[in-house]
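Structure first, commentary second.
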Amino acid sequence: MARIDDATIVRMLHAIAVRIEREKDHLCELDSAVGDGDHGVSMTIGMRAIRRNLDELDAPTAGAAFRAAAEAFADDVGAAIGPIYEELLTAAGATLDARGAYDTPDTWAAVFEAIAEAAQRTGGAKPGDKTMVDAWVPAAAALRAAADEGADLATALDRAVQAAWAAVAATKDLVPRLGRASRLGDRARGHPDAGATSSSIVMEEIRDTLAGASA
């Protein structure tokens, strides 16, 4: 099995950035149904800044790459998503630094758990509020369960992604409780959450990059 190293993590962050930018219009369309309609734009601004920051680093470690990504959102994204992603990325980088090895399901379960906790702490959301938390919490739980069962990394990450997309579908039936969307009440039903959707896309790119590297 090939080793997942620092360069793999940098490549993963680049892949996430490219994919989110490709999904910009779709994410804006989803957000326009219940929010400001700018989620795709805000995410793309942050992801472009991530690519720029990564390109300026010289042979970064995984932790340094995530810190550079966090700084990109802090510096370039003024919307509410900026501080949240700053904390998510910081938490992920700190977890990878603490673990050292990047090629085990247990490590990535810890990363997903740290992200889910940071999303709830920073944004003030909880499961059921129709936010990104609705994707990260079940994904982290699925990944932890797979790790505890002894699944390999590719399988564990795939279970996390499946759980996230199932949660995105379930957000259609939820009423948002935070932000501008909360004013719509029951009128927000029938639309999946844009933040949960973009988070699931991020997870797909994590899975695809890491599974490819460990094949």
- request: Only residues in the range 192-215 that are assigned to a helix (DSSP H, G or I) count as the first member; pair them with residues that are surrounded by 23 or more Cβ atoms within 10 Å (Cβ to Cβ) and charged (D, E, K, R), Cβ under 7 angstrom, at least 6 apart or cross-chain, and list the lot.
  value: ALA194/ASP31; ALA196/ASP134
query: Within the set of pairs 6 or more residues apart or between chains, which connect a residue that is surrounded by fewer than 23 Cβ atoms within 10 Å (Cβ to Cβ) inside the range 77-89 to a residue that is among the aromatic types (Phe, Trp, Tyr) and at pLDDT 95 or above with Cβ atoms less than 6 Å apart?
result: GLY82/PHE73; GLU86/PHE73
task: Note down all Cβ pairs under 6 Å where the first residue falls in the range 149-162 and is assigned to a helix (DSSP H, G or I), the second is at pLDDT below 95 and small (Gly, Ala, Ser), and they're at least six residues apart or on different chains.
output: LEU153/SER214; ALA154/ALA211
message: Could you check the range 85-101 and list, in sequence order, the residues that are more than 16 Å from ALA140 (Cβ to Cβ) and touching a Ser or Thr at 6+ places or on another chain (Cβ under 7 Å)?
response: ALA101
message: I'm checking my understanding of the structure. Among residues of the range 104-132 that are touching a residue at least 40 places away in the same chain (Cβ under 8 Å), part of a loop (DSSP other than H, G, I, E, B) and touching a helix residue (DSSP H, G or I) at 6+ places or on another chain (Cβ under 6 Å), which one is surrounded by the fewest Cβ atoms within 10 Å (Cβ to Cβ)?
response: ALA125
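The rows are residues; the columns are (1) at pLDDT 95 or above; (2) outside any loop (DSSP other than H, G, I, E, B); (3) over 18 Å from the mean Cα position of the chain (by Cα).
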{"position": "ARG3", "(1), (2), (3)": "no, no, yes"}
{"position": "GLU21", "(1), (2), (3)": "yes, yes, no"}
{"position": "LEU27", "(1), (2), (3)": "yes, yes, no"}
{"position": "LEU30", "(1), (2), (3)": "no, yes, no"}
{"position": "ASP36", "(1), (2), (3)": "no, no, yes"}
{"position": "THR44", "(1), (2), (3)": "yes, yes, no"}
{"position": "ILE50", "(1), (2), (3)": "yes, yes, no"}
{"position": "ASP58", "(1), (2), (3)": "no, no, yes"}
{"position": "GLY63", "(1), (2), (3)": "no, yes, no"}
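The values are calculated or read from the model by the stated rules, or taken from the named source; none is laboratory data. What you see is a predicted model; the values in this text were computed from it and never measured. Note: ideal-geometry Cβ built from the backbone for every residue, glycine included; neighbour counts use all protein chains shown.
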